[in-house]
Amino acid sequence: REDQRELKSAWEGLKGASFVVLPPIEPSVLEGQQSILSVVLSRLFAYGEKLVQANQDENNDENLECIQRELTRDFQNCLTGIQSIKYQKDAASWDLLSLQNISDGSILRKHFASLVKHLLKLTPRREWERDTYLVLQLDDADSQIDHAYQVLEDVRKYLVVPRMIILMSADVNIFRQLVLEKYGAEFPTLRGVEEERK
């Protein structure tokens with residue numbers, strides 16, 4: 001009953017909202033060592049280029065140049081953060097920004113939040129602050145079984161930001177089993193009796 005009331009309340013809050021829906025991200029892009037964060041960033045970059053071009057074609061808004069600068073900074077910050085967090089084992093040299101990003105992964109989440117905010121400023125809706133959301137679709141997120149747990153963790157840690165809705169199509173039971181196995185391996189005492197594990 002409480003769940004229904006919360007769902008109804010959330011639905012009421014979305015009345016009048018608009019949604020910018022990006023094309024689905026297919027599981028095949030995650031083959032090899034590709035990070036979901038890199039894939040998402042590249043999709044957002046392509047979408048940002050389209051928005052900037054559309055705004056340049058329609059008008060010569062004085063705020064456009066400022067938003068473009070902010071977007072460029074956001075994309076660079078996200079890229080640096082991803083490289084620092086995801087590929088630090090392979091890094092030959094460090095700069096201070098990389099060290100800062102490694103020290104606190106929440107910084108990368110803040111960069112993604114800023115990026116989404118500035119992207120939505122370029123959408124046609126003028127009331128973007130109140131009622132526009134960016135929708136990111138991840139298709140069959142469980143099909144790349146070797147990467148499924150990492151995809152789930154990266155989404156949870158870095159991509160759960162304001163104004164972005166993440167739709168994942170996946171078998172929840174597979175994710176549940178992956179999480180159990182991950183923590184079962186890290187905490188051997190959990191590998192005793194099956195009931196205790198659960």
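All of the numbers you see were taken from the coordinates with simple rules; none came from a lab. Quantities reported herein were computed from a predicted structural model and do not represent experimental measurements.
Worth pointing out:
- Here's how it looks for Ile165: its modeled amide H is under 5 Å from those of Leu134, Val135, Leu136, which are all 5 or more places away or on a different chain.
- Across the range 149-158, computed HN-Hα scalar couplings (Karplus, 6.51 cos²θ - 1.76 cosθ + 1.60, θ = phi - 60°) run 5, 5, 4, 4, 5, 5, 4, 5, 6, 10 Hz from first to last residue, x flagging Gly and Pro.
- Per-residue HN-Hα couplings for the range 36-49 [Karplus 6.51, -1.76, 1.60; θ = phi - 60°; Hz; x = Gly/Pro]: 4, 5, 5, 5, 4, 4, 5, 5, 5, 5, 4, 5, x, 4
- Interchain or long-range residues, amide H under 5 Å from Ser18's placed H: Thr132, Tyr133
- For Asp171, the residues whose amide H sits under 5 Å from its own are Asp142, ignoring neighbours fewer than 5 places away on the same chain, with H placed 1.01 Å from N.
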